[in-house]
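Some notes on the structure that comes next.
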Amino acid sequence: MTALTVNGRPVRFDIDPDTPLLHALREAANLTGTKYGCGTGDCQACTVIVDGEALRSCLVTIAEAEGRYVTTIEGLSRDRSHPVQQALVAEQAIQCGFCTPGIALAAAALLARNANPTPDQIKAAVPNLCRCGVYPRLVRAIERAGRVARRTETISAAPAPGISADDAARAIPAMDRGD
């Protein structure tokens with residue numbers, strides 16, 4: 001039995017210790033925000049934070065994660081109040097959303113170490129592949145999240161999860177469905 005802490009909660013996995021952390025999180029813990037992209041660590045869609053470091057969960061076994069603290073996108077902020085989440089929305093740096101959880105976690109790990117990164121530091125720390133090509137907006141969003149983390153800027157929060165489409169449209173006019 002492999003024990004670790006996931007999103008602040010102790011978890012025990014009774015599966016093969018060589019199972020990639022990605023599969024344990026998605027299939028055994030039902031934390032599907034962590035995405036399977038390439039399975040080789042190249043795309044970084046599966047990025048999670050392990051003991052403060054952004055790691056590709058497809059390359060880490062649960063045996064290697066034993067006793068460690070893992071944060072998935074579900075644990076970053078349930079109410080979307082994390083500066084990275086707010087800035088990604090504010091800068092419209094999200095399109096299809098598939099790579100977004102890995103990007104958000106890589107950015108959060110970077111900002112926890114350095115709340116004022118340069119564009120080159122951002123590009124080095126967040127090398128995730130994004131088919132939508134939002135890279136310039138990602139850099140702006142992460143710079144903005146750093147300003148929020150340093151408390152030199154604020155962002156109006158995105159609507160809380162579970163909000164109805166009508167309420168979301170009122171809160172964010174761009175989401176109006178035109179009904």
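Where a number appears in this text, it was derived from the coordinates with a stated rule and is not lab data. All values reported here derive from a predicted model rather than from experimental measurement. Heads up, the Cβs are rebuilt from the backbone with ideal geometry, glycines too, and the neighbour counts pull from every protein chain shown.
Some notes on this structure:
- Scattering profile of the range 1-51 at q = 0.18, 0.20, 0.23, 0.28 Å⁻¹ [log10 I(q)/I(0), Debye over alpha-carbon scatterers]: -0.58, -0.71, -0.92, -1.25
- Peptide packing for 102-112, 68-78 was compared via the average number of neighbouring C-beta atoms within 10 Å per residue; ordered from the highest value, the list is 102-112, 68-78.
- The peptide list 86-97, 45-56, put in order of mean Cβ contacts within 10 Å with the highest first, becomes 45-56, 86-97.
- Calculated on the Cα set of the range 36-161, radius of gyration then Dmax: 13.8, 41 Å.
- Residue order, fewest to most surrounding Cβ atoms within 10 angstrom, among R144, R80: R80, R144
- Using only the C-alpha atoms, the convex hull of the range 22-78 corresponds to 77 Å³ per residue.
- Span-rule helices in the chain, defined as complete DSSP H runs reaching 18 Å or more along the axis (Cα) with Kyte mean at least -1.0: 100-113, 135-149
- Phi to ³J(HN,Hα) by Karplus 6.51 cos²θ - 1.76 cosθ + 1.60 over the range 54-62, Hz, x for Gly, Pro: 6, 10, 7, 5, 6, 9, 10, 7, 5
- Given charges at beta-carbon only (K, R positive; D, E negative), |dipole| of the range 19-78 in Debye: 180 debye
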